[in-house]
Structures are given as C-alpha cells and as structure tokens.
Amino acid sequence: MSLTSAPPALAAVTAPRPGCIGDRVLRNEDGRFLAGHGEYLADLDVPGTREIAFLRSPVAHARIRAIAIPEGAEGRVFLLKDLGDIHPVRAVLTSPGFRGSDYPALAADTVRFVGEPIAICLGATRAEAEDLAQEIVVDFDELPPVVEIEQALDPASPSLHGWPDNICFVSTPGGGDLDAAAKAAAVTVSREFRMARQCVVSLEGRGVMAWWDRRLQELVVYSSTQQPHVIRTVLAKLIGVPEHQLRVVAPDVGGGFGVKNNLQQEEVAIAALARRLKFPIRWTEDRREHLIASPQAREHRVRLTAHADAQGRILGLEAEAVVNAGAYSIWPWSAAMEANMVAGILTGPYAIEAYRGRGVTVVSNKAPLGPYRGVGRPSACFTLERLVDEIARAVGREPHAVRIDNMVRPEQMPYRTVTGKLFDSGDYAESVRQAAAMIDVPAVRARQTRENGKGPRFIGLGFASYTEQTAHGTDEWIARGLTEVFGYETATVRFTPDGKLIIEAAIQNHGQGLETTLAQVAAEELGVDPADVVVRHGDTAVSPYGMGTFASRSMVMAGGAVGRASRQLAEKVKRIAAHLLQVKPDEVTLAGNCAVAGARSVPLKSVTDAAFLHPENLPAGEEPCLDETTTFQPLSGTGAFAYATHAVVVAVDTGTGLVEILEYAVAHDCGTMVNPMIVEGQVQGGVAQGIGNALLEESPYDSGGQPLASTFADYLVPGAPEVPTVRIAHLETPSPFTAYGIKGMGEGGAIAAPAAILNAVNDALRPLGVELNETPITPKRILTALHDARTERAR
Amino acid sequence: MKVSFTLNGEAITADVEPRTSLADLVRGEHRCTSVHLGCEHGVCGACTVLIDGKIARSCITLAVALDGTAVTTLEGFEGDALMDRLREAFRAHHGLQCGYCTPGMLITAHDLIRRKGALSEAALRQGLAGNICRCTGYAGIVAAVAAAMDEHGDTARAAAIAAE
Ligand code: FES
Ligand code: FES
C-alpha cells in the first residue's frame, strides 16, 4: 500500500453542528450572483482595452502558403512571428512510447483542425476586430484530412505529425490470468460501443485578458480558468517571463467542467502579445468558437468481452478502447488522457481478478480533446454497465442482482484493483440495493407487463454503478506519466485584527460552492460563523501556490488544507484565550465566535485584538499575529473513491423515437458530506449533463473535417423539460485516507447517466429486437434501429 | 445612428452602429453587466431583459430598433418585491451554481409568475425551456420558482380577499 505512516489527524465528523461540516449552509457567494454582480471576464472594465478576434482556420488540414494582411492594419494584426521568442506547447507523458507533438500558440506553417488560431486581430470592439479578421487572406495548400477513428487507425492515412502513423500512445493495463478465466467461463459476451464526440459547453465561454503593469513590472493575465497557479507556471516557461513577474487571476468563472482546466493556446498567444503592447487586450470566446475550437470531449470506440460464470459473476474482462483525440496534445493532460483513463478504470466497482486492457490514442484533424466532467469514466461506465446487462440476460437474472454479486465487498476494503487503484471504503452493493428500492423494481416490471406492447410507448428500467476516483494524489499522477504532479493543495487561514477570518486558497470556485464549504471547515475548527468568512481564491497574488479545481479534488484537498491550517490556528487562539481567561489551553473550546472555558468566555475579537494590536497581552513567548499556511495530501496517492448506483425508468416512443425520463434515482456515497445541499446540487447537475451525453449531445464532422454543430440550434443541451428532479439517497462511509473522511464527488452524476439511460432504453426495446450501443441515442438512431429490426424480422 | 429609450427608468440617448445589439450597448457604456452572453444567437436566454415589460433576448435585438421603448435589466429590479422573493428562493433552493444563467432565469421566472400566476410543474418547466443552465440540472431552479409562485399566488389571493 502506498500509504504514508501518519494517521489522518482530522477525524470524520459524526454529529454536525450548525454552520460546520455536515450542515446545509446556504451559500455565501449567492448574493452577488443574484444581484447580477458576478464579475466574469467580459465584465472587467479596464480603460483602453482593445478587443480580440482570432482569425481561425476554415479548413481541417492544410499548409499555409502565405498570409496577406490588409494595408493599414499594422499594429492591429499579429501572427506567430510577432509574438517574440516563445515556445510551442508540448504536452507529453513521461510514459515510454508516448509520441509528442508541437502545438504552436498560433499556426504558422500548418493547420490541423477547423478553428485553429492563426492570427490575433484587434479592434475597439469585437465587431471591429472581426471585420479586420475577415480582410485577411490566407493562401492554403489543402491536405487530405484524417477525420474518423477508422481513418486514423489506417496506416495508409496521411500522418499528422510526421510519425510513422497516427497512433499517439497505447497503454496496456491489466493483470491476472485471463486465459484461465475464459476457460472457466459459462458465458462469454462481447460488444462494440461508441460514445460520440461532445463539446463541453460552459455557459460562459473561455476568455483571456492581459496587460503589462508598469508599476509592479509584471504581466497580468486574467483568464476564465480553473487553475491559475499552474497556468502561471507553464506560461512563464513558454513566453519567458519569470513567475514572480507574472500574475494570473481567474475572476468569476461561468462554469468550467474541465474545458477551462487546460493551458489554452489563446492564453499563450495573448500573454505573449500583451507583454509587447502598451494597452490591455481581451478575448471573449463566442459560442461558435466554443463549439468548434474549444477542447472537445469523448469520441470513443470500445470493444469489450466479458467471461462470466453461470451466475453472471465476471471472471475476466478484455477491452480495447480507441479514442480519437483530435489534432494536438493539450497541456498538461496530453492526448492520451482519455484512452488511458478508460482502459485503466474499466473493471468498475467489481472484484474482477483478470483483465487485459488496451487504450489506444489516435490523432486526427479535429479539435483537440480535453477533460470534461467524468474524463473517460462516462465511457468506461457506459461500456461496462451495458455489458453487465447483457451478461445478466445471458444468464437469465435481473441486472441489478448480477451487479450486487460482482461488487467489491466492504470486508475487502481497502481493495487493490487489478489495475492498481486502491478502493478505500464503502458498501458498494448497498448502493444497488438502495437504488433498486427507490425505483421499486417489482412495480416497474409489473408496469412493463401491463403496458409494453399495448401502444407505441415502451417502458424500460436501467441501472448503472461506478466508482469515481477523486482527489488523486501524487502516486496517481506519476503513474499517469504527467510532467507535473498535482499531489497536494494549499491554504492560508488568517484572522484580521477585528476578529474576522479570511481563507486564501489556491483552488478556483466556479459553481462548486467553495466560498461556503471552505468556510464551514474553518467554522468546524475555529467556531466562527461561516457566513462571516471571506474565501479568496483564483488569484496567484492572493494565495500560496496550489493546483486548482479539477478531478473532484477541491473539497478533499483544499478542505484538508483549510482544516489543518485552522486546527493549527485554533491551538494558538486557545493559548491566547487561556491566557486572557486565566485557564489552561486545553480547557478552552471555540464556538459561537468565542473562546469558552466552562462558564467563562472571551470573544474571538479580544483574542485577535491581543494577537495583532496588543502584544503586551500575549502569553510569554507567544508570537504576534494569527495566520497559518498548510498543505494537504491524502494518505493514499490514488485518492478516495466515491461510488453510486443510478436507476432510471424511461418511456420510449417507438413512433417518434423520443425518450422520456420518468424516474431517476441515485444512491451514492461520497464519504463525509460537508454540505449535503451542495452535494445534491452536484449530483443533479451531473445527471443533467449525463442526460445530454445519453440523448442529445454530439459534435459530428463531415468527411472534410468540418464540424457540423456550431450553434445551440445544432448542438443540443438539456433544458428544464428534459431533466427530471433526481431522488437522491446518501450513504456516508468516511474515507480513511482524507481529512474528515471527505471524498470528492463533482463528476459522479455525469458518469453513470449515459449507462443507466441506455440500459433502460435497451430494456424497453428488447421485445422489439433492438439493441443500441452508441451515444447519443437520438430519435433518428432509435427509429433507424427499430426499422432495421423490423426489416430483419421480416426476412 | 441615434436612439433614445429608457434603461432601468433612466432616459438615455445613444449613438450606435446599425449592427450594435442591445446587449452590447447596455453592457458596454451603461455597465449593465447582469446581461450575460451565452450564445449570441437567441437560444440560451442568459441575456434576457424586458422591453416594454415583455421578455426579450437582448443579444438578437438591435439597439436601433428600441427608440421610445423602456428597457429593464436585472439592475432595474431593485425594490421589486417579487424579484426579492425569487432571489431568496433561488438561494434557499440552491437554484444557482456558477451564476451565469441566473439573471436571465430570474427575469424569465418573474415574467412567468406575473403572467401565469400558478402553473403545474410541467408547465413551469416548459416556461423555463428557453433558458439554459449548464450547472444545476434545473431542480433547484424549478423548486425556487415554484416556491415563489405559490407564495405570490397566496399573496395575490390574500390581497383579493382583503379588498373584498
Ligand atoms: S445570449 Fe442571448 S439568447 Fe443566448
Ligand atoms: S448556474 Fe451555471 S449556468 Fe446556471
């Protein structure tokens, strides 16, 4: 086991106190958003700002012969050569065999996807900048594009990056004796699954603003990003400005979901240019840019074979996952992130002892892939959970019963999976039982018998279970071969002389409620009112170094750091209070903004007054001031595993091909919950995105590599009528590896929804001979499948 | 081109290009940055405002077409009892996460309640169908609007009874 020796200092909270860990505290950040006073990137008001329009490639694959800039546009159009001495982005894994490629901030010689930036154009308004971009003439020498997975796998296709073929990386996780499993199996079930390419769609697009601050002699970069410190580190290297002369700030960020969790080419280009200009410049991504040129997600083809006994217990699993990662590796994840994740996590919550996986990353002339809520796991869960349903059918059992029998049992915890992940705690099967009870399986089965076949509407029931690796630490990022290791988080907790508290954290809050939940952690240790705590984040100038908000890590990591810092600070507060109260420090507790010892108490304000303004009132040897900075790393380097089972009932209209979700239930366990209201909001929001993944969202390309979805009229995201209110049951098994037993949970809702919904639709349509194994299941796909099944039957 | 209208009750005259959208105009010079742009093609509803009391998408409304109208953004709802109630309900029901869709949601919800009084959940969801939220999955928003709607109905009924 990769555990450090120290036991967790911050134990799980069993009985929540008001305002502290476990309480449904209303959010501190709501006030400004409800007033319309959120300040997002496009709202910043800095005098003299010029707006940017990027000239982007209209073709998928071409060499640039020449770029003709209109006369009189000097000082308003900038190409790569105008950005000074900067390095191309080169995102690589340290894993042997990984093929790297250069991704320049602006394309100069070759364009490799529609939307790739070529030039920066400036104007007083975005409209003027766009006018200018339209006047630039680029002479392209078009090359044949590589578009779909099969083309990218074909060694005869043109090579994008001068490699022998278009395969970027192959990973082969696994272990155990698969041949023995195959021999012992009573049933063997195989399928091919596809998950379509998606766009991420934060409602606010990306955006970057930058200027050179003459007084501080620093480059200021505002970016709608999830990870300002890390962006500063890499920008400094690429554009040659030292980190102490670079400040990166994320203002209010209107949703991220992973798409703002990368180094953006636009960040590099704009930062490099701003250093050479005397005025601020800003780019605000519009929806079309977001849909065609932002990092996209998914596009997987997975072939999966399971060998199972007569009860449906899986003895062995074989998988090949091919991911079309688009044109470039984006920093820091690289193109191989998705395929590696799918292949590495495919055994799910099950005790599968033999596994042979292959994750293949191919490149193509599409927008690069980046992280999107779930990263690889929605696809891994979709393929495995679809197959579990087919196994159940093959052995004639209820799918949820087969799930229960396959799951890792509580007494096996901590459990090391065949791919090396360490499951920390929980009763996985109990989540299935609770979801099954919530959805009332016998009642749904009775309804199906009653209704299916009587009209065009068919009812179906689907389950899906998963584990969600969260707050991965040092070991995990090293195992994945990342060049930077995101193993910890940091926070400073400081009192002000008037007795109030400020938390300075390196994470970035963009909807997760961290301005409230981190305050709750401080309240737990320091007895302060969380509504009165200021949480500052997202700015390299206001917090110590840290990694940012992604990978369901902030509550575990930053929560742990705030907890540790607050605990240390509490010791000092107690020493000072004890001196003021003339008692022993261990008699003092902190609650209600006071230090209390029996019947006597002193307000925290008196303690801070002594600490900051009256050192003469401090105990002998006590240093003035009250602030602490600490870091936190979970005890297990592979993080804490949350898990859940989703159960869904759908009605499929065989006349229109429309799917209606009738019931949706989730039984989940994310360890200790800091704020159940926020947890439920994350589950519900994740499920909504999973519904989009299952039913609506797809970014198709034509054979020339042109993206076909460039507006919200052709890229459909779920609206209020499509998303039911999810019923949620909480299991709460603390993680032994984290502060307070917290597990991350931000991505889970999105992981299981595609699997559960496709299982339900397949359950509904099975009597009609239809099986659907591709997302999204649009009305067209459903009607086509129904038509094909009818034709088949007629034969 | 010159155009005159009232913005949140204040008379303004602006010199705009024919292509300038209402959203760009009020966000720019007048700093009404509650007007958010999520698509700029009339689908997402983040830019929702009132024009002469009716909801409209400011991203696809040309400023030049507004002569003589009254435009209200979220900034113009100060002291509005129903909007205050909606804000409270959005907070109590966790109807917002990143806050980007929120101003448009609030204005749409305000309009629904004013025009419709009471609605079934399905009709309420239809009424919100023109506003995309990517974060919340709508449950908190629907619960918040329903709560404000019920209470508004009660208040209206109480006022009617009191008037009798
Ligand atoms: S910005 Fe106006 S509807 Fe989307
Ligand atoms: S709260 Fe983020 S889009 Fe609605």
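Here, each number is a calculation from the coordinates, and none is a lab measurement. Since the structure is predicted, the reported quantities are computational estimates derived from the model, not experimental observations. Positions of Cβ are generated from backbone atoms using ideal geometry, with glycine treated the same way; all protein chains shown enter the neighbour counts.
Here are some notes:
- Cβ neighbours within 10 Å from other chains - mean over A:680-688: 6
- Alpha-carbon centroid distance for the pair the stretch A:680-736 / the stretch B:101-164, whole angstrom: 24 Å
- Convex hull of Cα atoms in the stretch A:439-540, direction-averaged projection (nm²): 13.0 nm²
- Distant-in-sequence amide contacts of residue A:595, defined by a placed amide H-H separation under 5 Å and a gap of 5 or more residues or a different chain, comprise A:602, A:604.
- Radius of gyration and maximum dimension Dmax of the stretch B:81-163, Cα, Å: 12.4, 43
- Note on A:201-213: average number of Cβ atoms from other chains within 10 Å of each residue's Cβ is 3.
- Overall, the ratio between the Cα radius of gyration of chain A and 2.2 N^0.38 Å, rounded to two decimals, is 0.98.
- Sites residue A:108 and residue A:446, calculated FRET efficiency, Cβ-Cβ separation with R0 51 Å, nearest 0.05: 0.15
- Relative contact order for chain A: 17 percent, from Cα pairs under 8 Å spaced at least 6 residues apart, divided by residue count.
- Fewest-first sequence of A:94, A:784, A:540, A:631 by Cβ atoms within 10 Å of each Cβ: A:94, A:784, A:631, A:540
- Using only side-chain charges placed at the Cβ, +1 for Lys and Arg and -1 for Asp and Glu, the dipole size of the stretch A:481-563 relative to its Cα centre rounds to 140 debye.
- Note on the protein assembly as shown: helix-only mean residue ellipticity at 222 nm, from DSSP H runs of 4+ residues weighted -39500 (n - 2.57) and normalised by residue number, equals -9500 deg cm²/dmol.
- Listed pairs A:237/A:366; A:500/A:584; A:260/A:421; B:54/B:116; A:500/A:572; A:421/A:743 exceeding 20 Å between Cα atoms: A:237/A:366; A:500/A:584; A:260/A:421
- Extension gain (nm, one decimal) between residue A:124 and residue A:622, 0.36 nm per residue minus Cα-Cα: 173.6 nm
- The label point for residue A:532 and the one for residue A:68, both projected 7 Å from the Cα toward the Cβ, are 6.9 nm apart.
- Stretchable slack from residue A:771 to residue A:568, in nm (0.36 nm times residue separation minus alpha-carbon distance): 67.3 nm
- Each Lys and Arg Cβ is given +1 and each Asp and Glu Cβ -1; about its Cα centre, the stretch A:537-608 then shows a dipole of about 140 debye.
- Bridge type composition, chain A - antiparallel percent by DSSP, nearest 5: 80 percent
- Residues A:140, A:463, A:641 arranged by fewest to most Cβ contacts within 10 Å: A:140, A:463, A:641
- Chain lengthening between residue A:395 and residue A:154 when straightened (0.36 nm per residue, less Cα-Cα): 83.0 nm
- Separation of alpha-carbon centers, the stretch B:1-23 and the stretch A:750-777, rounded to whole Å: 51 Å
- Positive-end residue, chain A charge dipole about Cα centroid, Cβ charges, pick of A:370, A:689, A:259: A:689
- Ranking of B:60, B:161, A:149 by neighbouring Cβ atoms within 10 Å, starting from the fewest: B:161, B:60, A:149.
- DSSP beta bridges fully contained in the stretch B:2-77 are about 85 percent antiparallel.
- Cα pair distances exceeding 25 angstrom across the stretch A:52-170, given as percent: 33 percent
- The stretch A:523-682 - Rg (one decimal) and Dmax (whole number), Cα, Å: 22.9, 83
- Rg and Dmax [Cα atoms of the stretch A:692-733; Å; Rg one decimal, Dmax integer]: 16.2, 51
- Cubic angstrom per residue, convex hull over Cα atoms of the stretch B:2-77: 75 Å³
- About the centre of its Cα atoms, chain A shows a dipole size close to 1000 debye [charges on the beta carbon of Lys, Arg (+1) and Asp, Glu (-1) only; nearest 20 debye].
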